[in-house]
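The block underneath contains the structure these notes are about, expressed in structure tokens.
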Amino acid sequence: MLLEFSVTNFRSIKEKQTLSLLKTKKNELENNFTAIPLSTGKTLDVLNSVVIYGANASGKSNLIEALGVMLRIIDNSFSYQASKGVKNIEPFLLAKDSANQPTAFELDLIDGGVRYVYGFSATQEKIIDEWLYQYPKGSPQNLIDRKSTNQWGTMSALKGKKKIWQESTKDNSLFLSTAVQLNSESLATIFSAIDKLKGLSDDLPGFLLYLSSSE
């Protein structure tokens with residue numbers, strides 16, 4: 001279940017934009033949420049529907065398109081040819097400081113009661129950073145820690161053949177995609193959970209998304 005999706009530096013979006021389904025005290029529709037049980041024994045209030053407000057050309061549709069791009073890169077980057085770069089990365093081009101900067105994506109989701117935060121940044125040439133945390137007991141556990149394309153942190157919570165997976169990950173491919181293709185059981189769960197979100201970029205099943213222009 002999706003909690004939040006964020007994107008930075010994509011098409012008409014320069015600064016970080018977030019689609020959030022987390023209920024806050026400011027949410028007016030008191031019955032428009034479901035209490036989702038967590039592995040910690042607590043619950044998290046998640047909205048059943050969400051509204052995106054904004055003027056025309058403010059980036060509403062590009063926020064949804066960014067989700068689709070992220071999911072396609074996760075699904076397909078393992079098969080990218082090393083010389084072909086990262087597909088569908090389109091940075092904000094109307095400012096010099098962003099045109100040459102990476103585009104960043106991040107997902108916050110729940111699967112099987114466990115909360116996960118997964119994201120990466122990429123240029124049109126290569127993956128720059130990649131991270132994955134799980135929260136089975138409330139505190140973050142690091143599964144993926146990739147920096148500067150091919151520099152790796154300890155990734156202490158990840159079990160299996162980390163070294164082989166790291167060495168097999170191309171500069172323009174995601175470690176998540178690579179490790180799952182090479183039979184990482186630890187990462188197969190989150191990969192499957194993310195895979196369930198594919199329909200969101202088209203028709204957003206499970207909750208209603210209204211793209212509304214502000215007055």
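Expressed to the nearest 5 percent, the antiparallel share of DSSP beta bridges inside region 2-212 is 90 percent.
Comparing Pro136, Leu158, Ile110 along the charge dipole axis of the chain, the residue lying farthest to the positive side is Leu158, per the Cβ-charge model. Between Asn48 and Phe33, Thr34, the built amide H atoms are under 5 Å apart, and every one of these is 5 or more places off in sequence or on another chain. This model, with +1 at the C-beta of Lys and Arg and -1 at the C-beta of Asp and Glu, gives region 2-212 a dipole about its Cα centre of some 400 debye.
For region 38-43, putting each phi into the Karplus relation 6.51 cos²θ - 1.76 cosθ + 1.60 with θ = phi - 60° gives couplings of 10, 5, 7, x, 8, 10 Hz, in residue order, rounded to whole numbers and with x for Gly and Pro. Of the residues Gln124, Val180, Ser148, the one whose Cα sits farthest towards the positive end of the charge dipole of region 2-212 is Ser148 (charges of +1 on Lys and Arg Cβ, -1 on Asp and Glu Cβ, taken about the Cα centre). Run the count for region 1-143, please: Lys pairs, Cα-Cα under 12 angstrom, 8 or more apart or on different chains. Within region 1-143, the lysine pair count is 4.
For region 87-174, the relative contact order comes to 18 percent (Cα pairs under 8 Å, sequence separation of at least 6).
Across region 118-147, the residues whose backbone nitrogen lies under 15 Å from the label position 7 Å along the beta-carbon direction of Ser156 are 133-145. Taking the charge dipole of the chain about its Cα centre, with +1 at Lys and Arg Cβ atoms and -1 at Asp and Glu Cβ atoms, the residue from Pro91, Pro37, Ile74 reaching farthest to the positive side is Ile74.
Each reported figure results from applying straightforward, stated rules to the coordinates on display, with no laboratory input. Since we're looking at a predicted model, the values are computed, not measured. All Cβ positions, glycine included, derive from the backbone under ideal geometry; neighbour counts span all protein chains shown.
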